[in-house]
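The values are calculated or read from the model by the stated rules, or taken from the named source; none is laboratory data. Bear in mind that the values here come from a model prediction, so they are computed numbers and not experimental data. No Cβ is skipped: glycine too gets one built from the backbone with ideal geometry, and neighbour counts run over all protein chains shown. The accessibility values were calculated without ligands, DNA or RNA, using every heavy atom of the protein model including side chains. Shrake-Rupley method; radii C 1.70, N 1.55, O 1.52, S 1.80 Å.
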Amino acid sequence: MATAAINVKPSPFCVPKPQNPSKLRVFTLRCSSATANAVSDLVERPWKTSDARLVLEDGSIWRAKSFGASGTQVGEVVFNTSLTGYQEIITDPSYAGQFVLMTNPQIGNTDDEESRQCFLGGLVIRSLSISTSNYRCAETLGHYLAKRNIMGIYDVDTRAITRRLRQDGSLIGVLSTEETKTDEELLEMSRSWDIVGIDLISGVSCKTPHEWVDKTNSEWEFMSNRKDGEAFRVVAYDFGIKSNILRRLASYGCKITVVPSTWPASETLKMKPDGVLFSNGPGDPSAVPYAVETVKEILGKVPVFGICMGHQLLGLALGGTTFKMKFGHHGGNHPVRNLRTGDVEISAQNHNYVVDPKSLPDDVEVTHVNLNDGSCAGLAYPARNIMSIQYHPEASPGPHDSDYAFREFIELMKRVKVNA
């Protein structure tokens, strides 16, 4: 049998042996350490190194990388479990005086603003997104914070810090990018500052009354079949109000006048409103006795609706007490049961204080409870046309589980007006 010859081509990955090894030369390259250092100084590293510290009052020191503004800032560290909506979070006036730690690991796409500026003290995240893909995004988060003089840190173990906050409670911390400050100095700063008893409302409230007319954008409005009915005049006390609360009220047909936190009750009553809204806001409700007195003077004269801080101020005005929680409620996934209907809502919450229901008069009804810990999440006093909730009905984690609260406020004003 004949055998066919097979030509095998050399592989392009095979290096043939040199024909004359004696002609090869061997070179040895030696680099002095001085030369290597000079070269490394000229070449910028393609990655950012740790240049910031978070020092907590318990003595722990967390090294991280900075973005946004530089400097040194003190605040209370709280964690937020929301998966999205962090631009709404960093522009929520209720976070004044606080560093917000996001438990969701990657942050970077900007969304929507809830007020005229950023009020929080700083932002703590695990991973800073290197791209911004949101179709409405106009700039990176780092540039956004830097322009507003807000500090941020990333590449820090947010899970470990969250566990510490859950175990020990909210802690005062200091963020710093200043190398000249020692760890001991920063620790002393954290231990010499306290958020309890500070009036934070006056720093976030508007300064003069103004009208609000903007409704929910048609792109996001979900009540397309709602027909505009009678317009009700509402005075909204700005204790740190979120813009979407005003948009939802306007979408329900309300004509809104926003007034500062120190606006006298007598001036409000002269405006003859159909109802008064007491808004959300930052800090300790017992630190603003002037706001409690304002609420007291208005109760029973017109229907009122309290949200978050407004809910707490109503509790104090009715003779109850409030207390500081271990680590508060901050996130968009808190289950709340409506005790009147039995329905469970997925709510957005942001508060460190709650009303003690045992301290309230017997004729005040607890209407909602937080299912995570059983805390009071809503009140009603039908005889005096009062309603309030501890969470944010304008937010959409459910997505619209709690929006009915605005409708109930409208119905309350309508009922009082008809019976007047």
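Values as computed for the structure displayed
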item	result
Residue match in segment 125-146 (condition: closer than 18 Å to Thr81 by Cα and open to solvent by 50 Å² or more (accessible area, probe 1.4 Å))	yes
The one condition in (1) surrounded by fewer than 18 Cβ atoms within 10 Å (Cβ to Cβ); (2) in contact with a His (Cβ under 6 Å, 6 or more places away or on another chain) that Phe323 fails to fulfil	(2)
Test: residue in segment 288-298 that is in contact (Cβ under 8 Å) with a residue 40 or more places away in the chain and surrounded by fewer than 22 Cβ atoms within 10 Å (Cβ to Cβ)	no
Any hit, segment 239-256, residues being open to solvent by less than 10 Å² (accessible area, probe 1.4 Å), under 13 Å from Ile201 (Cα atoms) and in contact (Cβ under 8 Å) with a residue 12 or more places away in the chain	yes
Within segment 177-214, considering residues that are under 30 Å from Val156 (Cβ atoms) and β-branched (Val, Ile, Thr), the one surrounded by the fewest Cβ atoms within 10 Å (Cβ to Cβ)	Thr180
Cβ pairs under 9 Å, 6+ apart, first in segment 356-371 and farther than 7 Å from Gly320 by Cα and modelled with pLDDT of 95 or more, second of a type in the set (Asp, Glu) and surrounded by 14 or more Cβ atoms within 10 Å (Cβ to Cβ)	His368/Glu345
Pairs, first free of Cβ contacts under 8 Å to residues at least 40 places away in the same chain and open to solvent by 60 Å² or more (accessible area, probe 1.4 Å) in segment 150-176, second in a strand (DSSP E or B) and β-branched (Val, Ile, Thr), C-beta under 8 Å, six or more apart	none
Any chance Gly310 is within 20 Å of Pro260 (Cβ to Cβ), open to solvent by 20 Å² or more (accessible area, probe 1.4 Å) and under 18 Å from the mean Cα position of the chain (by Cα)	no
All positions within segment 148-200 that are outside any helix (DSSP H, G or I) and β-branched (Val, Ile, Thr)	Ile150, Ile153, Val156, Ile172, Val174, Thr177, Thr180, Thr182, Ile195, Val196, Ile198
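Conditions tested, residue by residue: (1) part of a loop (DSSP other than H, G, I, E, B); (2) at pLDDT 95 or above; (3) within 24 Å of the chain's Cα centre (by Cα); (4) not aliphatic (A, V, I, L, M).
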site: Thr257; (1), (2), (3), (4): no, yes, no, yes
site: Thr262; (1), (2), (3), (4): yes, yes, no, yes
site: Lys272; (1), (2), (3), (4): yes, yes, no, yes
site: Leu277; (1), (2), (3), (4): no, yes, yes, no
site: Pro282; (1), (2), (3), (4): yes, yes, yes, yes
site: Ala291; (1), (2), (3), (4): no, yes, yes, no
site: Thr294; (1), (2), (3), (4): no, yes, no, yes
site: Glu297; (1), (2), (3), (4): no, yes, no, yes
